[in-house]
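A.B. asks: Got a structure for you, questions after.
Quick note: the coordinates plus some simple rules give every number you see, no bench work behind them. It should be emphasised that the depicted structure is a prediction, and the values quoted were computed from it without experimental measurement. Cβ coordinates were reconstructed from backbone atoms using ideal geometry, including for glycine residues, and neighbour counts include every protein chain displayed.
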C-alpha cells in the first residue's frame, strides 16, 4: 500500500498527533509490528496533554480563516522550521504562525505573519525525502527555540532511543481534532525496519519512530511538527501509512542532515 502523506488539513481540519501506550522496543520489531497523504494530516494518537512550559518551541500554522493545518517548531527568534509540504500548501500571505498558545481556543501567545519562505530546493514529494522548510516571521518569537541535532549527533538516532512527538492533530485516524497541545513517546526504529515498511525510505534524509504494535504516532494535522529528545530537535513530522498502524512507523525528516541549512535560513530576515 502506498504511503499516505501527513499533509496539512486546509481550511477545516486541524492537526492530529496519535500516540499509544509506551512499550519497550529494541528487537520487538522482529516479533511485533504514521501518515501524510495527498493532503497530509498527521496527529498524535494515544498521547497525553503536553505543556508549553516544557516545550515552548512547539507552534502551529493557520490559514487565512484561522484554522490550524500544520505544526512547526521555533528554531530562532525570527523563524520556524516545518515540513516542505506544509510550506507549499498555501501562499505565505495566507499563513500565520501561532506561538505560546497551548489551547487553540484561547487568544494568548502571539500570531505572526510570514515574510519569507525557504523550501529545500531538492524537495518534490514527502515520500522522496528532503521534506524541510523554514518560515521567517514578521516580528519576534519570544519563546525558547529548540536545539538542532547536527551531523555530529548520530547517537541521537540509535534504534530504541525514546523521542517525543508534539502536535495539535487528531486523536485518532479520521477522528476528533485536539484543541490542546499533545505529546507521545515513541522509540526510533532501525533503517532496515523502516525500509521494510516503506520502500521509498531514505536513511540519509529520513528517520522512523513508533512501536511495532502501533498505537502512538503523528497523524492528520501534525505534519511539520517536532520530534524531540529533550529539547533537541531530531525530526519533523513528514509522512506515514495511516496513523499508529502496526508495522507502519511514522516517518520524519532527519534534522541532522539539514541542520546547516536550517541554521542559515533561520538567520535570514526578509520582510516583504
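A.B. asks: For the ranges 50-57, 79-86, what's the packing order if you count other beta-carbon atoms within 10 Å of each residue, average per peptide, and put the highest first? Numbers along the way, then the final one.
C.D. replies: Details: 50-57: 17.2, 79-86: 30.2.
Ranked from most to least packed, the peptides come out as 79-86, 50-57.
A.B. asks: What ranking, highest mean first, results for peptides 65-71, 149-155 when packing means the other Cβ atoms within 10 Å averaged over each residue? Please list the in-between numbers first.
C.D. replies: Values: 65-71: 23.6, 149-155: 13.6.
Those peptides, ordered most packed to least, come out 65-71, 149-155.
A.B. asks: Now a separate question. Between residue 54 and residue 192, what FRET efficiency follows from the Cβ-Cβ distance if R0 is 41 Å, with the result rounded to 0.05?
C.D. replies: On the way: r = 33 Å, r/R0 = 0.80.
Given R0 = 41 Å and the Cβ-Cβ separation, E is 0.80.
A.B. asks: Another one. Determine the gain in length on full extension of the stretch residue 64-residue 124; use 0.36 nm per residue of separation and subtract their C-alpha separation, reporting nm with one decimal.
C.D. replies: Separation in residues times 0.36 nm, less the Cα-Cα distance, equals 19.1 nm.
A.B. asks: What FRET efficiency comes out for residue 179 versus residue 144 if R0 is 25 angstrom and r is the Cβ-Cβ distance? Round to the nearest 0.05.
C.D. replies: 0.60
A.B. asks: Which of the peptides 103-116, 200-213, 132-145 is most tightly packed, and how do the rest follow, going by the mean number of other Cβ atoms within 10 Å of each residue?
C.D. replies: Numbers: 103-116: 15.4, 200-213: 22.4, 132-145: 20.4.
Final packing ranking: 200-213, 132-145, 103-116.
A.B. asks: In the stretch 93-125, which residues have a backbone nitrogen under 19 Å from the label point lying 7 Å from residue 199's Cα in the Cα-to-Cβ direction?
C.D. replies: 125
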